[in-house]
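Only one structure is covered here, and it is reproduced in the block below.
Every read-out reported here was derived from the displayed coordinates using simple, explicitly stated rules and does not represent laboratory data. In this text the structure is predicted, and so the values were computed from the model without any measurement. We place every Cβ from the backbone using ideal geometry, glycine too, and count neighbours over all the protein chains shown.
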Amino acid sequence: MRHGVRDWDCIEAINGPNMEKALVYIREEGKFPPFVDSKEDQNSIGTCPVSPTQIAAAKQRVDTWLSTPNGAAFIASQRSLCLLDGFLLFTPKLSFIMSLLDVKLFLLVSRAKATQRRESRDGYVTLEGFWKDPPGYVDKIVWPNYVQAHSWLFNDGDVEGPVNEQVASKEGIKVQSDKSCDVDMASTLDWAVSEIINYLEAAMG
């Protein structure tokens with residue numbers, strides 16, 4: 001509890017040992033763990049901010065890479081890719097989780113954009129039922145937790161300012177450092193595809 005409401009956006013709300021167990025299983029078996037009961041597919045995600053044309057271009061880039069020798073080697077290896085989306089993945093308290101991630105992509109966000117995105121959501125399906133943020137939840141809970149978890153990655157701890165590139169590089173965390181906060185999703189998709197292809201190219205080379 002915080003400010004009289006339940007805090008679902010803090011480190012303590014994450015079952016670290018269970019997440020670690022699931023990621024280890026995925027890395028070893030190449031598939032989703034049967035012991036994980038996820039409700040994410042029941043949540044509303046709204047309209048995709050990336051156009052079909054831009055998505056098609058990204059797919060073409062992947063297909064082009066898969067036709068190269070290293071791409072063919074990746075297909076032959078029968079490896080699977082797992083994309084993990086999380087709101088507090090890159091914090092020292094979850095360093096044991098970060099060590100299980102091959103490519104770490106950190107998306108920058110301003111307080112204004114984080115608030116707009118969060119408040120536009122209907123709510124969340126949870127294991128206990130359905131959660132809808134009460135009024136003022138972002139300002140009182142979500143944003144302060146984000147700052148606390150990520151200030152170590154930024155110069156002077158300012159999460160809306162420049163990333164400390166030395167710290168990020170040491171931890172293997174990729175950031176769109178040539179961009180400001182709130183990069184559009186089409187550019188972010190293009191960047192993410194590039195980073196994943198670059199990693200696979202090096203891994204298969």
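Which part of the range 52-88 falls in the paramagnetic zone of residue 195, meaning amide N under 18 Å from the point 7 Å along Cα-to-beta-carbon? Answer for the range 52-88: 58-59, 62, 81-88. Antiparallel beta bridges, as assigned by DSSP with both residues in the chain, represent about 60 percent of the total such bridges. Under the convention that each Lys and Arg Cβ holds +1 and each Asp and Glu Cβ holds -1, the size of the dipole of the range 125-185 around its Cα centre is about 180 debye.
Full extension of the chain between residue 177 and residue 12 yields a length gain of 56.5 nm, computed as 0.36 nm times the residue separation minus the alpha carbon distance.
Look at the dipole of the range 52-139 built from charges on Cβ: of 129, 60, 78, the Cα furthest out on the positive end belongs to 60.
In this Cβ point-charge picture (+1 for Lys and Arg, -1 for Asp and Glu), the range 8-67 has a dipole of about 300 debye about its Cα centre.
What percentages, rounded to whole numbers, describe P(r) for the chain computed over all alpha carbon pairs with 10 Å bin width beginning at zero? Calculated P(r), rounded to whole percents: 7, 27, 38, 23, 4, 0. Remark: the range 85-202 carries a charge dipole of roughly 320 debye about the Cα centre, counting +1 on each Lys and Arg Cβ and -1 on each Asp and Glu Cβ. If R0 is taken as 41 Å, the Cβ-Cβ distance between residue 131 and residue 167 corresponds to a FRET efficiency of 0.80. Largest GNM mean-square fluctuation among 81, 94, 153, using the chain with Cα springs under 10 Å: 81. Relative contact order of the chain: 28 percent, from C-alpha pairs under 8 Å at least 6 residues apart in sequence. Once the Cβ-Cβ distance of residue 55 and residue 107 is raised to the sixth power relative to R0 = 22 Å, the FRET efficiency obtained is 0.80. Among the listed pairs 93/132; 59/170; 21/93; 104/140; 104/170, those whose Cα-Cα separation exceeds 19 Å are 93/132; 59/170; 104/140.
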